[in-house]
1. Which of the residues belonging to region 65-98 are farther than 17 Å from residue 229 by Cβ and not charged (D, E, K, R)?
2. Yes or no: residue 27 surrounded by 12 or more Cβ atoms within 10 Å (Cβ to Cβ), within 23 Å of residue 95 (Cα to Cα) and modelled with pLDDT under 90?
3. Before we move on, is residue 212 in contact (Cβ under 8 Å) with a residue 12 or more places away in the chain and among the polar types (S, T, N, Q)?
4. Pick from 237, 158, 149, 195: which is surrounded by fewer than 20 Cβ atoms within 10 Å (Cβ to Cβ) and under 20 Å from the mean Cα position of the chain (by Cα)?
5. Mind checking which residues of region 193-242 are in contact with a strand residue (DSSP E or B) (Cβ under 9 Å, 6 or more places away or on another chain) and acidic (Asp, Glu)?
6. Within region 287-295, identify whether any single residue is among the basic types (Lys, Arg), at pLDDT below 95 and closer than 26 Å to residue 84 by Cα, and answer yes or no.
7. Which of (1) touching a residue at least 40 places away in the same chain (Cβ under 8 Å); (2) more than 14 Å from the chain's Cα centre (by Cα) does residue 189 not meet, given it meets every other one?
Amino acid sequence: MWRSFLLLLTLVAVSQSAVAEEDCAYNPARTHLSRIVAVDSTNGPVYGQILNAHLNRTQSRSLVLKDREIVLSFDDGPLPATTKIVLDTLDKHCVKATFFSVGRMALAGPKMIQEVERRGHTVGTHTWSHPRAMDLMPVEDQKLEIEKGFAAVSHALGKPIAPFFRFPGLRDSPEAVAYLASRNISTWSVDVVSGDTEPGATPAKITHDTITRINQLGRGIILFHDIKKITAEALDGILTELEREGFKFVQVVSNTNYQPDAALMAKADAFKTAPEAATMTGHAVAGGPKEQMKDGNVDILHTEWIDLKRASEKMASKDPGSAQVLNAPAPQPSPSARGWAAAGQVR
C-alpha cells in the first residue's frame, strides 16, 4: 500500500513539474501569440517607423504586421529586480518579447540574461555602455560600442544571439547604420513609445499612453524598459487591456546569429572602458580603475542556425495554424508615424 501511495506522490510531483515547465505561449488553448516571424537582417534593414533625421530611409522596412498585432520590446537590461517581474508577467500572459540588452548590464547579471533566453525570448543588443549621444561619437568608437555590446551579451549568455541592434535614444548616425548594414545586423526602431522614461511617468500614465498610442496606429513595435520599476508594475495591466481590446502578439526571431568583427575584436583594449556611474545612462566617472571583460570558454565566433521549418512544424503539430514562421516582406513604412518620437523620451 505504501509503495502505491509513494508511487502516486511521485506521479503527482512529476505531473506538477511538467505543468510548471509548460510554456503556455505555445499552448493553443492559452497563447496570446498570433505568429512567429523570422526577420531577415541581411544588408542591415531598419524595422520600425520612428526614424531619426539621419537614418537612411532606403533601408527602412516594415514587419507587415496584421491589424492589432504587436511586437513587445524591452531596452537597457537586464536588471534582476525588475527584469524578473517583467519575465513573470510575460509568462502570465503567454507572450514573448525581444530584449535589447546593454553589454555591461548583461555581464553584470549573466544569470538574468540567461533566464531571458531560457524563457524563450529573443535577445539583441543596445550597445556596450549605452552612450546617450552615440551619434556624436567618433565613428570608430560607435563601431566599437556596437561590437562590444554584441560580444558581451553573447559572452554573458553563453551562446550566439540574434543580429538585432537598437540605438540608445534611437540616435543613429549614417556611418553607424552603414556599418551595421555591412555586418548584416538589422537596426530596430519602434512604432510606439510607452513613455516609461519620461519625467513624472507613473504606471497609470504609461498604461494610458501606451494603450492610446497603439490604438491610434492599430499595430506596431512597442518600446518599454525592463530596468524601470514603473514598467514592471504597469505591464500586467497594459497586457490585460491590450488583450481585452483584441490585440495579439508577434514574436520576432532570426535564422542567423551575430558574428564578431575579427579585426575590431583583436584590439588589445577592446573590452576596456572608463567606469560609469550608471550603465544605462553612460555617464562617465572620473578616475578609478579600468574594467575588462572576464575570460570565459564561450565561443562567440560560433554561428548556429535555427531550423525554422522544423520549429514551425513542431509547433504546428500542437495546433495547426498557430505557428507560422514567415520571412518578412519589405514595403516602405509611412513617414507620418515619425511623430511618435516626440510623444515620449526615448532612451
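1. Quick first cut of region 65-98, residues farther than 17 Å from residue 229 by Cβ only: 65-73, 91-98.
Scanning region 65-98 gives 65, 70, 71, 72, 73, 93, 94, 95, 97, 98.
2. Details: surrounded by 12 or more Cβ atoms within 10 Å (Cβ to Cβ): yes; within 23 Å of residue 95 (Cα to Cα): yes; modelled with pLDDT under 90: yes.
When the stated conditions are applied, residue 27 passes them.
3. no
4. 158
5. Listed by number, the residues that qualify are 196, 209, 226.
6. Looking for residues that are among the basic types (Lys, Arg), at pLDDT below 95 and closer than 26 Å to residue 84 by Cα, one finds at least one in region 287-295, hence yes.
7. In the conditions (1) touching a residue at least 40 places away in the same chain (Cβ under 8 Å); (2) more than 14 Å from the chain's Cα centre (by Cα), residue 189 misses (2) alone.
Each row is one residue, and each column tells you yes or no for (1) more than 15 Å from the chain's Cα centre (by Cα); (2) over 19 Å from residue 233 (Cα atoms).
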site: 69; (1), (2): yes, yes
site: 73; (1), (2): no, no
site: 80; (1), (2): yes, no
site: 87; (1), (2): no, no
site: 94; (1), (2): yes, no
site: 117; (1), (2): no, yes
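The values are calculated or read from the model by the stated rules, or taken from the named source; none is laboratory data. Remember, it's a predicted structure, so these values are computed and weren't measured experimentally. Every residue, glycine as well, gets a Cβ built from its backbone with ideal geometry; the counts of neighbours run over all protein chains shown.
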